[in-house]
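Colleague: Below you will find the structure I want to go over with you.
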Amino acid sequence: MEGMMATTLAEVEGTPAAYPPKPSNLSMTARNLPYSYHHIWQRIEAYTAYRFSPRSIQWVAEGPGYWLPPLSPATITTSELWSDDAWQVIDAPPGSPLGGFNLPTCAHYRFSGTVGAGPVPEIVNAACARLAEFLANVAQSNGVRREE
């Protein structure tokens, strides 16, 4: 099993109770977008493996091999093994030198817990602000682009 990587088969990510606040340097148009600012955060998170707001998470991985949670920061609270047509709670598999788990057998493992923590780095806040400003200036319903 030396050097093998386990495969993530499924990921179920919950919705956070709240996303980080809007950056303070937005234009009036960007501050008053016709939809919630959490839509912008969802777009940013679609391209990153780090979460800044805590939410529930569940992964199913197939062993054997080393498995690292694909999102961070992750706190695993429950580890389970698929056995006899049901999930059985198990002790967490042994740690790996990569920081995840060493899944010892050819089986399906389910990990549940939470993922996400702040604070939001300034560069990520800047990316959110840029996306908000872009969306505030995209084509209107008549196809004309408005810039301030």
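Colleague: Out of (1) in contact with a Phe, Trp or Tyr (Cβ under 8 Å, 6 or more places away or on another chain); (2) farther than 13 Å from Val115 by Cα, the odd one out for Trp59 is which?
Modeller: Status for Trp59: all satisfied but (2).
Colleague: Here's a follow-up. Could we say that Gly113 is in contact with a strand residue (DSSP E or B) (Cβ under 9 Å, 6 or more places away or on another chain), farther than 30 Å from Leu33 by Cα, of a type outside the set (S, T, N, Q) and surrounded by fewer than 18 Cβ atoms within 10 Å (Cβ to Cβ) here?
Modeller: It is true that Gly113 is in contact with a strand residue (DSSP E or B) (Cβ under 9 Å, 6 or more places away or on another chain), farther than 30 Å from Leu33 by Cα, of a type outside the set (S, T, N, Q) and surrounded by fewer than 18 Cβ atoms within 10 Å (Cβ to Cβ).
Colleague: Let me ask you something else. Read through the list (1) over 20 Å from Pro121 (Cα atoms); (2) modelled with pLDDT of 90 or more; (3) in a loop (DSSP other than H, G, I, E, B), then give the number of the only condition that Thr48 fails.
Modeller: (1) is the only condition that Thr48 fails.
Colleague: Additional query: If you check Gln58, Gln88, which single one turns out to be assigned to a strand (DSSP E or B), at pLDDT 95 or above and either among the hydroxyl-bearing types (Ser, Thr, Tyr) or within 14 Å of the chain's Cα centre (by Cα) (or both)?
Modeller: Gln58
Colleague: Conditions: (1) assigned to a loop (DSSP other than H, G, I, E, B); (2) at negative phi. Tyr66 meets all but one. Number of the miss?
Modeller: (1)
The values are calculated or read from the model by the stated rules, or taken from the named source; none is laboratory data. From a predicted model like this one, the values you see are computed outputs, not experimental measurements. Virtual Cβ from ideal backbone geometry, glycine too; neighbours counted across all protein chains shown.
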